[in-house]
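Working notes for the structure below.
The values are calculated or read from the model by the stated rules, or taken from the named source; none is laboratory data. The structure displayed is predicted, hence computed values, not measured ones. FYI the Cβ positions are ideal-geometry reconstructions off the backbone, even for glycines, and counts take in every protein chain you see. Heavy atoms of the whole protein, side chains included, go into the accessibility calculation; ligands, DNA and RNA do not. Shrake-Rupley method; radii C 1.70, N 1.55, O 1.52, S 1.80 Å.
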Amino acid sequence: MKKPLMQRGKFISFEGSEGCGKSTQIKRFVSMLESRGHEVIQTREPGGTAVGEKIRHLLQFDSEAGDLTDESELLLFAASRAQLVRRVIEPALAAGTWVVADRFLDSTAVYQGVGRGLDPAAVKAINGFAVGSTMPDLTLLLDLDVKIGHARAVASSDGQKDRIEDQPLDFFEVVRDGYLALAAEAPDRIAVIDASASIEEVTVLIEASFAERLGEGAA
Ligand code: Z5A
């Protein structure tokens, strides 16, 4: 008798500017999925593999990366993602495991393509090469006033700023606009969530959007 085909897992990414509450909401979202009987793994970017974590350290805190060019920065984020997709995300999805990602290719489109002002067509091509055909089924964009996000991030940090957190607020304003523009271009995939409400209220908004976008039956 033929074995039934394994149902591919779902891939859900969380995006947003600093301090928007991704980590907080991902924890709750993963618990909700697990309570419904799903196998779930969580990833973060940059990072999530041995190579990716080295790239993360280089990108964020290595003093020798001080004069990293914007182009090199873009390629390092893409390299971390290419490794994560092939070594972690694709094998998990193929085995029926759900993947919840703290950032994916939209971060590069917005931080490097809009924030750093790199050629959007080049960023798109590099993003495409890095991920192949692996795209999120749903992206939850936590949208928040950048001043509030920054204040939250500062309040919860240990005082050590990474290279990107060190950018002026204007950079994050542009990033926020970039995210909203991306959501307007891909409304079927990207759901914009108002992240200014309380933690509990944002969870309710996320779960409602998830049910609406992926269907009650999906969960
Ligand atoms: N980056 C890039 O440039 N290109 C790329 O391709 C990729 C990334 C993949 C990664 O930073 C940096 O790399 C990031 C983009 C860039 N730089 N920036 N900005 P990271 O991984 O170290 O950090 P992050 O992704 O920016 O996340 P974060 O700043 O740590 O924040 P968060 O995960 O979104 O938020 P949180 O930790 O859940 O919440 C922050 C605090 O707010 C915490 O104390 C919470 O308790 C509190 N919080 C959360 N929700 C609420 C609500 N609703 N009300 C009140 N307080 C709240």
Go ahead and set up a Gaussian network model of the chain, Cα springs under 10 Å, then flag whichever of Q160, Q25, Q42 fluctuates most.
-> Q160
Cβ-Cβ FRET estimate between S198 and A95, R0 fixed at 45 Å, reported to 0.05 | 0.80
To the nearest 0.05, what FRET efficiency results for L75 and Q42 with a Förster distance of 22 Å applied to their C-beta separation?
-> 0.30
Over region 11-214, calculate the relative contact order: mean separation of alpha carbon pairs under 8 Å at least 6 apart, over the residue count, as a percent.
-> 32
At 20 °C and 1.002 mPa s, grab the translational diffusion coefficient of region 49-89 from Stokes-Einstein with a Kirkwood Rh over Cα pairs, rounded to a whole number in µm² per second.
-> 206
Amide proton proximity set for G48, modelled H, under 5 Å, gap of 5+ = E53
Once Lys and Arg get +1 and Asp and Glu get -1 on their Cβ, which of V99, S23, I199 lies farthest toward the positive end of the dipole of the chain?
-> V99
Put a dot 7 Å past each Cα toward the Cβ at R8 and S209; how far apart are the dots in nm?
-> 2.3
With an 8 Å cut-off on Cα pairs and a minimum separation of 6 or more residues, tell me the relative contact order of region 28-112 in percent.
-> 40
E64 paired with D119, simple spin-label distance in nm, labels 7 Å along Cα-to-beta-carbon = 3.0
Any chance you could give the angle, 0 to 90 degrees and rounded to 10, that helix 22-35 forms with the longest Cα principal axis of the chain?
-> 10
Quick one: among V85, V175, V154, which has the greatest mean-square fluctuation in a GNM of the chain with alpha-carbon springs under 10 angstrom?
-> V154
Want the number for K161 to E53: 0.36 nm per residue separation, take away the alpha-carbon distance, what's left?
-> 37.2 nm
For the chain, how big is Rg over Rh, using alpha carbon atoms and the Kirkwood form of Rh?
-> 0.96
Spelling it out for A101: with amide H atoms placed in the peptide plane at 1.01 Å from N, the residues 5 or more places away or on another chain with amide H under 5 Å from its amide H are I12, S13, F14, T43
Order by accessible surface, 1.4 Å probe, largest leading, for residues I199, I206 comes to I199, I206
Roughly how big is the chain's charge dipole about its Cα centre, with Cβ charges of +1 (Lys, Arg) and -1 (Asp, Glu), in debye to the nearest 20?
-> 1060
Loop sites only, by DSSP: take the trypsin sites (Lys or Arg not before Pro) in the chain that have at most 15 other C-beta atoms within 10 Å and name the longest stretch containing none of them.
-> 37-160
